[in-house]
Amino acid sequence: MHHRRQEGKVNLKLLKIINYSIYRVIKIAVVVLFLILLGLSAVQVLLRLLFHSGISNAEGMMRYLVLWVAFLGACLATYKGRHINLDVVSKMLRKYNKHLVTLLISLASFVILGFLFKASVDFILSEIPASQNVFFVPVWILETVIPFTFLFMTLVYLQNLITSAVAMAKGGKK
């Protein structure tokens, strides 16, 4: 029994390390992508004003940069627990065991995000055969941020699920 508990701690610790590492990479990526988006937009505006022309496909690339920044920003918010929260529900459930509520919410989120991950992978796979290019990059590659973010969010909620289950098993009611 002691060996199993030790193994569970190692697995949770490994999951936390993986999630934190991904979080740090995403944080850097959001800043870099936002700066690229800002720079590309500025160059496009200047080219339009000064030379009455612009970079072809720049608007398409900016659309995908916005997609990446938005989805990766959602990952950051999920990891930090700053995502959309229903305060009314939270206040109503305050009288119940905090760990139980977190466990149930994490379980529901984990399942839903698992389905969204599967659906987004299917979407990307359906896009591959007829994919167009933006700046010589196939669109399906630019859309891979969608399943990536759902996978990361799934891992975050798996971590929350395990953490809450462990806290409940230890008898925590906080």
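Rule-based calculations on the coordinates, nothing more; no lab input. The structure presented is a predicted model; accordingly, all values stated were derived computationally and were not measured. Neighbour counts are summed over all protein chains in view; Cβ atoms, including those assigned to glycine, are modelled from backbone coordinates with ideal geometry.
Tabulated data
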{"item": "Criterion (part of a helix (DSSP H, G or I), within 19 Å of Ile141 (Cα to Cα), free of Cβ contacts under 8 Å to residues at least 12 places away in the same chain and not small (Gly, Ala, Ser)) met by exactly one of Arg48, Arg63", "result": "Arg63"}
{"item": "Total residues in the range 36-45, condition surrounded by 11 or more Cβ atoms within 10 Å (Cβ to Cβ) and free of Cβ contacts under 8 Å to residues at least 24 places away in the same chain", "result": "5"}
{"item": "Members of the range 117-174 found to be within 30 Å of Gly54 (Cα to Cα) and touching a Pro at 6+ places or on another chain (Cβ under 7 Å), listed by number", "result": "Ile124, Ser131"}
{"item": "Among (1) under 23 Å from Ile18 (Cα atoms); (2) within 18 Å of the chain's Cα centre (by Cα); (3) of a type in the set (Gly, Ala, Ser) - the single one Ala119 does not satisfy", "result": "(1)"}
